[in-house]
Amino acid sequence: MSVVTRFAPSPTGFLHIGGARTALFNYLFARHHGGSYKLRIEDTDRKRSTPEAIDAIFEGLSWVGLEGDGDPIYQFARASRHAEVAQDLIARGMAYHCYASPEELDIMRAEAKSEGRRRLYNDLWRDRAPSDAPAGIDPVVRLKMPRDGGSTTLTDLVQGDVTVDHEQMDDMILLRADGTPTYMLSVVVDDHDMGVTHVIRGDDHLTNAFRQYHLYRAAGWDAPDFAHIPLIHGPDGAKLSKRHGALGVEAYRDMGYLPEALKNYLLRLGWGHGDTEIVSEEEAISLFELKDVGKAPSRFDFQKLENLNGHYLREADGDRLMTLLAPSLDLTADDPAFSRIRLGLAGLSKRATMLPQLAEAARIYIDRPSFPLTEPKAAKSITPEGVAHARAAGERIAALGDWTEEAIHAALAETVEAAGVGFGKVAQPLRAVLTGTMASPDLSNVIFCLGAEEVAARLAAAPNS
Ligand code: GLU
């Protein structure tokens with residue numbers, strides 16, 4: 001049997017990071033087993049399911065690289081198939097028309113409440129003859145749940161054995177009075193028709209699984225395996241919400257996170273393989289097992305995410321980073337600063353954990369410092385003596401035949417030696433003159449990336465007194 005998983009978001013206007021994690025687990029599980037991972041858009045809420053809201057899901061999934069295999073399935077378009085299954089269940093005596101009026105349902109609800117019963121519907125129409133049907137009322141269709149006094153145990157692949165008494169289960173509605181299918185019916189029919197073998201989703205759907213399971217049984221279909229993963233909580237332990245920070249993946253993209261960092265983070269949030277924090281996608285595919293998904297909700301840790309981002313920023317391909325940085329720096333590839341930054345990326349990314357930070361640091365290769373400098377420490381090093389040391393270094397650097405970081409470093413060392421001062425007395429003013437700041441990468445590296453011409457031009461612009 002080949003594994004088929006699915007991610008089934010309801011469009012809400014963005015791809016929730018919890019949804020992205022669900023998608024990721026479905027994707028990894030499918031790939032781990034050489035199976036397929038499908039996407040189903042649950043667009044039956046017509047008000048919410050606008051083209052924009054659906055596009056936002058696709059955009060989020062495409063950014064994290066979790067688009068489904070093949071074309072997505074749209075649930076709303078399958079409504080007639082869902083209704084057909086309900087009709088077939090009626091024909092086979094597994095489901096029935098219920099004509100209970102709103103008043104009758106109110107009474108049942110009040111009774112259930114006073115008796116402390118979970119089940120609300122009292123099976124009023126379950127065994128009545130169709131000839132009892134009142135005229136002029138459109139019935140709903142309900143599924144017959146087992147009334148045998150027993151219980152159902154599902155072995156959830158994350159939660160373990162979970163049992164619910166049949167006595168607690170309502171004869172759930174499959175078709176509304178207007179003939180439209182309920183969510184419960186649509187999900188089961190779609191999962192069956194899509195050949196889904198494993199339903200991996202948030203544990204807020206755990207109680208639904210029992211109702212869905214009996215619908216599979218009634219239809220004569222094999223139920224899939226279920227794996228209900230705990231929801232993500234905020235750092236304070238409460239269910240993740242807006243007040244904890246951004247919820248949509250696109251907000252993480254806009255803040256300057258790399259998708260692979262977010263994915264690695266989401267993977268580790270709820271799944272673990274020993275203490276390993278950094279897990280490549282390839283490793284994740286080979287290691288991913290549902291038994292390693294924790295049962296307890298995990299807390300979102302923004303610092304951890306940022307640290308991972310720093311790691312992936314340092315690992316990232318330079319040309320790709322340039323593509324990500326260029327728009328915010330307003331640079332095109334033929335700009336000389338573009339090549340300087342490209343050259344200096346490794347040095348710059350040592351200190352950055354986020355893209356905007358990297359972009360900010362890269363400005364030293366774009367903007368010539370303007371004097372007087374605004375950064376106090378850098379400004380302090382701009383003394384006549386300091387500038388003279390910087391220029392002396394500049395002369396040795398200008399005379400270099402060999403433009404390498406080693407040669408530049410040696411020229412700096414010689415300047416220091418000749419002046420008989422400490423390294424900082426030369427390096428600090430030189431750094432300040434060249435970059436306007438004290439927080440730049442290694443000085444030889446900066447000089448190397450600026451290039452001889454730009455170094456000379458910046459030194460020439462330094463104040464003489
Ligand atoms: N559309 C549901 C949701 O967004 C998911 C249903 C399911 O996975 O079965 O919560």
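The values are calculated or read from the model by the stated rules, or taken from the named source; none is laboratory data. Bear in mind the structure is a predicted one, so any value in this text is a computation, not a measurement. Glycine also receives a Cβ, built like all others from the backbone with ideal geometry; neighbour counts cover every protein chain displayed. Ligands, DNA and RNA are stripped out before the accessible areas are found, and what is left, the full protein with its side chains, is counted by its heavy atoms. Shrake-Rupley method; radii C 1.70, N 1.55, O 1.52, S 1.80 Å.
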> Going 7 Å from the Cα of Ala418 toward and past its Cβ, which residues in the range 447-462 have a backbone nitrogen under 12 Å from where you end up?
Replying inline: none
> Rounded to two decimals, what is Rg over Rh for the range 299-381 when you use alpha-carbon atoms and the Kirkwood radius?
Replying inline: 1.04
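Taking N as the number of residues in the range 30-125, what is its alpha-carbon radius of gyration divided by 2.2 N^0.38 Å? Working shown, then result.
Details: Rg = 20.3 Å, N = 96, 2.2 N^0.38 = 12.5 Å.
In units of the 2.2 N^0.38 Å rule of thumb, it is 1.63.
Using heavy-atom solvent-accessible surface (probe 1.4 Å) with all chains present, what is the largest-first order of Arg119, Arg128, Arg363? Spell out each step's value before the answer.
Details: Arg119 25, Arg128 100, Arg363 70 Å².
Sorted descending by solvent-accessible area, the residues read Arg128, Arg363, Arg119.
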> What is the spin-label model distance, in nm, from Asp178 to Phe58 if the labels are put 7 Å beyond Cα along the C-beta direction?
Replying inline: 2.7
> Just by accessible area at a 1.4 angstrom probe, what is the order of Glu67, Glu453, Glu42 from largest to smallest?
Replying inline: Glu453, Glu67, Glu42
> With contacts defined as alpha carbon pairs under 8 Å and 6 or more residues apart, what's the relative contact order of the range 181-333 in percent?
Replying inline: 22
>> How big is the chain along each principal axis, measuring the range of its Cα positions in Å and listing the largest first?
In response: 108, 43, 42
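Charges only on Cβ, +1 for Lys and Arg, -1 for Asp and Glu: so what's the dipole of the chain about the Cα centre, in debye to the nearest 20?
Working: 50 positive and 67 negative charges, 179 e Å.
Magnitude of the dipole: close to 860 debye.
For the range 362-406, rounded, prolate or oblate, judged on the Cα gyration tensor with a ≥ b ≥ c (square roots of eigenvalues), a/c < 1.5 rounded, else prolate if a/b > b/c?
Cα axes put the range 362-406 in the oblate bin.
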>> I want the local charge near Gln75. Using Cβ-Cβ distances under 9 Å, sum +1 for each Lys or Arg and -1 for each Asp or Glu among the other residues.
In response: -1
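Using the C-alpha gyration tensor of the range 220-310, what are the square roots of 5 times its eigenvalues, in whole angstrom, with the largest one first? Mind dumping the intermediate values first?
Numbers: eigenvalues 114, 64, 36 Å².
They are 24, 18, 13 Å, listed from largest to smallest.
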>> Rounded, prolate or oblate for the range 99-170? Axes are the square roots of the Cα gyration tensor eigenvalues, ordered a ≥ b ≥ c, and the cut-off for rounded is a/c under 1.5.
In response: prolate
> At a Förster distance of 35 Å, what's the computed FRET efficiency of Asp335 paired with Glu385, Cβ-Cβ distance as r, to 0.05?
Replying inline: 0.50
> Points 7 angstrom from Cα along the Cβ direction at Ser10 and Glu282: gap in nanometres?
Replying inline: 4.0
> Residue-wise, which Karplus ³J(HN,Hα) couplings in Hz belong to the range 259-267, taking 6.51 cos²θ - 1.76 cosθ + 1.60, θ = phi - 60°, and x for glycine or proline?
Replying inline: x, 5, 6, 4, 5, 4, 5, 5, 4
>> Need one value: the accessible area of His198 in square angstrom, 1.4 angstrom probe, rounded to the nearest 10.
In response: 20
> So how much slack lies between Asp45 and Asp88, counting 0.36 nm per residue of separation and subtracting their Cα-Cα distance, in nm?
Replying inline: 13.0 nm
> Mind checking the angle between helix 336-349 and the chain's longest principal axis? C-alpha axes, 0 to 90 degrees, to the nearest 10.
Replying inline: 70
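Divide by every residue of the chain the summed helix terms, -39500 (n - 2.57) for each DSSP H run of at least 4, and state the resulting mean residue ellipticity at 222 nm, rounded to the nearest 500 deg cm²/dmol. The partial results should precede the final answer.
Values: 19 runs with 220 residues, N = 465.
Counting only the DSSP helices, I get -14500 deg cm²/dmol.
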> Between Tyr74 and Ala439, what is the FRET efficiency for a Förster distance of 51 Å, r being their Cβ-Cβ separation, to the nearest 0.05?
Replying inline: 0.50
> Expressed in nm to one decimal, what extension gain is obtained for the pair Glu406 and Ser370 from 0.36 nm per residue of sequence separation less their Cα-Cα distance?
Replying inline: 10.1 nm
> Just for the chain, what percent of DSSP beta bridges are antiparallel, to the closest 5?
Replying inline: 55
> For the range 205-210, what does the Karplus curve 6.51 cos²θ - 1.76 cosθ + 1.60, with θ = phi - 60°, yield as ³J(HN,Hα) per residue in whole Hz, taken in order and with x for Gly and Pro?
Replying inline: 9, 4, 5, 4, 4, 5
>> At 1.4 Å probe size, what's the solvent-accessible area of Asp442? Round to the nearest 10 Å².
In response: 90
>> Need the list of aspartates and glutamates near Lys350 for cross-linking: C-alpha distance under 13 angstrom, and skip anything on the same chain fewer than eight residues off.
In response: Glu315, Asp442
> What's the long-distance tail for the range 164-290, i.e. % of Cα pairs beyond 20 Å?
Replying inline: 61
> Running Debye on the range 381-430 with equal point scatterers at the Cα sites and no solvent, what base-10 log of I(q)/I(0) appears at q = 0.16, 0.23, 0.32 Å⁻¹?
Replying inline: -0.38, -0.75, -1.23
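Want the number for Asp127 to Lys242: 0.36 nm per residue separation, take away the alpha-carbon distance, what's left?
Details: separation 115, 0.36 × 115 = 41.40 nm, distance 4.76 nm.
Gain on stretching Asp127 to Lys242: 36.6 nm.
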>> Largest first and in whole Å, what are the equivalent-ellipsoid semi-axes of the range 310-357 based on the Cα gyration tensor, each being the root of 5 times an eigenvalue?
In response: 17, 11, 9
> So how exposed is Leu355, as accessible area in Å² (1.4 Å probe, rounded to 10)?
Replying inline: 20
> Which of the lysines could a cross-linker bridge to Lys380, judged by Cα under 20 Å and excluding same-chain residues fewer than eight apart?
Replying inline: Lys425
